[in-house]
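Comments concern the structure below.
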Amino acid sequence: MHTDNPENSVDRNTDVQKLTVFYDGACPKCRRDRASYEKLAGSAAEQVCWFDITGQENRLHELGIDPYRALSELHVRDTRGRIVFELDAYILLMSKVTVLKPFAWLLSLPVIKPLLAKLYHWQVNRRLRKRGLLAG
């Protein structure tokens with residue numbers, strides 16, 4: 001485990017009081033997205049723990065998360081210890097912030113969600129290709 005970074009101290013067996021966001025700290029856009037979320041969240045940001053997945057393949061496996069999927073889809077552990085990913089992870093995060101709740105609701109609509117999922121994967125794959133982490 002990456003012990004010199006306190007944000008990466010995630011314990012699977014702990015009674016979880018915060019959401020844990022597994023994000024790619026090596027990705028400039030991901031870091032900007034995190035900063036934007038924290039700014040919009042205000043004090044609600046204190047209820048979120050951020051786990052940088054960079055170089056944490058073994059720890060991710062221990063937590064039951066596939067490292068490649070963690071790189072290609074946002075993963076969030078909820079306060080009950082369940083892992084949600086992709087748009088469900090965004091919906092969960094947004095639902096915790098007053099100004100983002102309407103967007104969480106919109107994202108969850110059955111007509112919208114599949115379309116946004118395709119766009120989301122296209123953008124993520126483009127980002128990973130640019131960084132040389134995805135062939136094609």
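The number of residues in region 93-136 that are closer than 20 Å to Lys29 by Cβ and either assigned to a helix (DSSP H, G or I) or out of contact with any Lys or Arg (no Cβ under 9 Å at 6 or more places or on another chain) (or both) comes to 23. Close Cβ contacts (under 9 Å, 6 or more residues apart or on different chains) running from residues in region 26-49 that are small (Gly, Ala, Ser) to residues that are part of a strand (DSSP E or B) comprise Ala26/Asp52; Ala41/Val48. For Thr14, the criteria (1) exposed (fewer than 13 other Cβ atoms within 10 Å of the Cβ); (2) more than 26 Å from Lys130 (Cα to Cα); (3) modelled with pLDDT of 95 or more; (4) among the hydroxyl-bearing types (Ser, Thr, Tyr) hold in every case but one, which is (3). For first residues located in region 56-76 and within 17 Å of Gln123 (Cβ to Cβ), partners that are of a type in the set (Phe, Trp, Tyr) and outside any helix (DSSP H, G or I) and lie 6+ apart or on another chain with Cβ distances below 6 Å form the pairs Ala70/Phe22; Glu73/Phe85; His75/Phe22; His75/Phe85.
For region 85-120, residues that are farther than 23 Å from Lys39 by Cα and within 14 Å of the chain's Cα centre (by Cα) total 0. Note on region 60-92: among residues that are more than 18 Å from Asp24 (Cα to Cα) and among the β-branched types (Val, Ile, Thr), the one that is surrounded by the fewest Cβ atoms within 10 Å (Cβ to Cβ) is Thr79.
The values are calculated or read from the model by the stated rules, or taken from the named source; none is laboratory data. Fair warning: this is a prediction, and the values are worked out from it, not measured in the lab. Heads up, the Cβs are rebuilt from the backbone with ideal geometry, glycines too, and the neighbour counts pull from every protein chain shown.
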